Each structure stands twice: as structure tokens, then as C-alpha cells.
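I have placed the structure first, in the form of C-alpha cells, so that the comments after it can refer back to it.
The values are calculated or read from the model by the stated rules, or taken from the named source; none is laboratory data. Quick caveat: nothing in here was measured; it's all calculated off a predicted structure. Here the Cβ positions follow ideal geometry from the backbone for every residue, glycine too, while neighbour counts run over all protein chains shown. We work out accessible area using only protein heavy atoms, side chains counted, and drop any ligands, DNA or RNA first. Shrake-Rupley method; radii C 1.70, N 1.55, O 1.52, S 1.80 Å.
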Amino acid sequence: MRLDKFISTTTTLSRAEAKKIIKKGILINNILVKSPDYKVDEISDQVIVNGERLVYQKYVYLMMNKPQNVVSATEDAIDKTVVDILEEKDRIHKVFPVGRLDKDTEGLMLLTNDGELAHKLISPKKDVEKKYYVEVNGELKKEYIEIVKAGLIIDGGYECKSANLDILESSVEKSRAFISITEGKFHQVKRMMKALGTTVTYLKRLSIGTLILDENLKLGEYRYLTEEELKNLNK
Ligand code: URA
């Protein structure tokens with residue numbers, strides 16, 4: 001990778017700013033380099049900027065507890081996005097959200113720049129289970145469990161894939177449940193709840209496949225995945 005690109009990918013500096021500091025000279029393996037097109041070996045070269053070695057990470061994986069009023073996109077003309085709320089040092093990796101959560105949905109959001117893993121997690125063919133906690137106005141009856149398992153028909157006549165409904169509490173006015181689905185149609189949980197005669201008042205994603213939301217993360221907080229979490233996701 002060119003030196004100017006290497007510096008702009010591993011620091012908060014822009015490509016132009018990287019070129020400027022390269023003009024003054026950068027220590028690479030203890031030799032002063034002044035050429036922006038110097039080819040850096042990302043793994044073995046020791047590139048020192050401000051006394052520190054720059055570390056190149058090809059892919060990064062972040063787990064966020066998405067708050068409400070933030071959209072799951074990389075850019076938005078009106079709303080704050082999940083990428084906007086990252087610290088600059090993490091934003092430089094050009095991560096994007098894996099799948100979508102509605103603006104008013106909270107919970108687990110995975111951000112990465114690894115397109116292959118993202119595809120594997122959101123492709124409906126891969127049947128990766130996403131578990132949600134949902135609160136609704138209205139009653140969730142026991143018989144809905146079987147209906148949801150058999151394939152609920154939602155608006156537009158679409159028959160959902162088999163899903164798991166686990167009712168935690170139910171009354172005529174309000175109910176609470178876990179629901180696990182393996183697809184991600186637009187507003188899917190809300191539409192499923194509507195088809196069951198209820199209205200979602202609160203929705204939170206708890207897991208994506210083996211990846212479980214770290215409950216120590218407050219709304220809007222995030223952290224890097226552990227090696228174990230990543231290994232399990234890639235299985
Ligand atoms: N289903 C929804 O309706 N909304 C979400 O944000 C996620 C799943």
C-alpha cells in the first residue's frame with residue numbers, strides 16, 4: 001500500500017495531510033522516507049509517526065448498543081447515523097452497519113468493513129437468527145406461537161419464514177415477548193406484530209447468530225468484538 005494511503009488509513013489524517021507530513025520525512029524501519037508512493041508492507045514495516053508505530057488492521061468489528069433517534073446508515077442528510085456516533089479513530093476504518101434497525105429500535109448493531117461477513121449474516125439464505133425483545137399494545141395469545149412457527153402472513157400477503165415467539169407476559173392491554181427471526185424484511189417484527197393484532201411500543205435487538213449484545217454497553221456505547229466472538233460468528 002502507498003505510504004500516504006497507509007498513513008491516512010491508520011490515523012485520523014487525510015490523504016493530503018499525510019502527504020504534507022511525508023514531505024518532512026517518515027521513519028520506516030529506521031530509515032527516513034520522503035516519498036508518498038513508497039510501498040509499505042502493512043505487516044512487517046515499522047512506520048513511526050509522532051513516536052508511535054502505526055498498526056494496520058484490515059478489518060474491524062464493533063458491537064454497538066444502538067440508541068433510538070439514530071439511523072443505521074453511514075450517512076444521512078437529516079438524522080445522526082450509527083457511524084456519526086463513533087469516535088474519529090474508529091470511523092477511519094470506514095465501517096458500515098450490518099443490516100438495518102429502525103430509527104426507533106434499540107440494541108445490537110454490528111459495524112464492520114468486512115463485506116463478506118456482513119453478507120453471510122444478512123443473507124436470507126444463511127438463516128442467521130436475530131433475536132428481539134418486543135413490547136406491544138394488545139394481547140399476545142398462546143396460540144400465536146404455533147402460527148408464527150408455521151409462517152405468519154403479513155401485510156402484502158408475504159409469508160414469513162418460521163419464527164420463534166416466546167411470550168414473557170401478556171394481557172389484553174400490553175404484552176412482552178422475545179421473537180427470533182431469520183430474515184430481515186423492512187419493519188419485519190412490527191409487521192408481524194401488526195398481523196397478530198398488536199402494535200409495537202418498544203423494540204430491541206438482543207442477538208445476531210452467536211453474537212449477543214453486551215448488556216454493559218449503555219445506549220450509544222460500543223466496543224470491539226473479542227476474538228472469541230469473532231471466531232464464533234465466522235463458524
Ligand atoms: N423489525 C422491525 O420492525 N424493526 C427493526 O428495527 C428490526 C426488525
Q: Residues being outside any strand (DSSP E or B) and open to solvent by 50 Å² or more (accessible area, probe 1.4 Å): count how many of those fall in the range 47-84.
A: 15
Q) Somewhere in the range 176-193, is a residue more than 15 Å from the ligand (Cβ to nearest atom), modelled with pLDDT of 95 or more and out of contact with any Lys or Arg (no Cβ under 9 Å at 6 or more places or on another chain)? A) yes
Q. When you go through Glu135, Glu116 one by one, which is the residue that is open to solvent by 20 Å² or more (accessible area, probe 1.4 Å), touching a residue at least 60 places away in the same chain (Cβ under 8 Å) and not in a loop (DSSP other than H, G, I, E, B)?
A. Glu135
Q.
Suppose we keep only residues that are away from the ligand (no atom under 14 Å from the Cβ) and out of contact with any strand residue (DSSP E or B) (no Cβ under 7 Å at 6 or more places or on another chain) within the range 157-172. Which one would you say is farthest from Glu143 (Cα to Cα)?
A. Gly157
Q) Out of the range 1-24, which residues are touching a residue at least 24 places away in the same chain (Cβ under 8 Å) and either in a loop (DSSP other than H, G, I, E, B) or touching a Gly at 6+ places or on another chain (Cβ under 6 Å) (or both)? A) Met1, Thr11, Thr12
Q: Give me a count of the residues in the range 94-113 that are free of Cβ contacts under 8 Å to residues at least 40 places away in the same chain and open to solvent by less than 60 Å² (accessible area, probe 1.4 Å).
A: 2
Q: All but one of (1) away from the ligand (no atom under 15 Å from the Cβ); (2) more than 20 Å from Arg100 (Cβ to Cβ); (3) free of Cβ contacts under 8 Å to residues at least 60 places away in the same chain; (4) open to solvent by 20 Å² or more (accessible area, probe 1.4 Å) hold for Lys126, so report the exception by its number.
A: (2)
**Q.** Subset of the range 217-230 (residues that are open to solvent by 70 Å² or more (accessible area, probe 1.4 Å) and part of a loop (DSSP other than H, G, I, E, B))
**A.** Lys218, Leu219, Glu221
Q.
Going residue by residue through the range 205-215, is there one that turns out to be farther than 20 Å from Lys66 by Cα, crowded, with 18+ Cβ neighbours inside 10 Å and within 16 Å of the ligand (Cβ to nearest atom)?
A. no
Q | Among residues of the range 12-46, those that are among the hydroxyl-bearing types (Ser, Thr, Tyr), surrounded by fewer than 16 Cβ atoms within 10 Å (Cβ to Cβ) and modelled with pLDDT of 95 or more, counted | A | 1
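Here's the yes/no breakdown for (1) of a type in the set (A, V, I, L, M, F, W, C); (2) touching a residue at least 60 places away in the same chain (Cβ under 8 Å); (3) outside any loop (DSSP other than H, G, I, E, B):
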| site | (1), (2), (3) |
| --- | --- |
| Ser162 | no, no, no |
| Leu165 | yes, no, yes |
| Arg191 | no, no, yes |
| Lys194 | no, no, yes |
| Gly197 | no, no, no |
| Tyr202 | no, yes, yes |
| Ser207 | no, yes, yes |
| Glu215 | no, no, no |
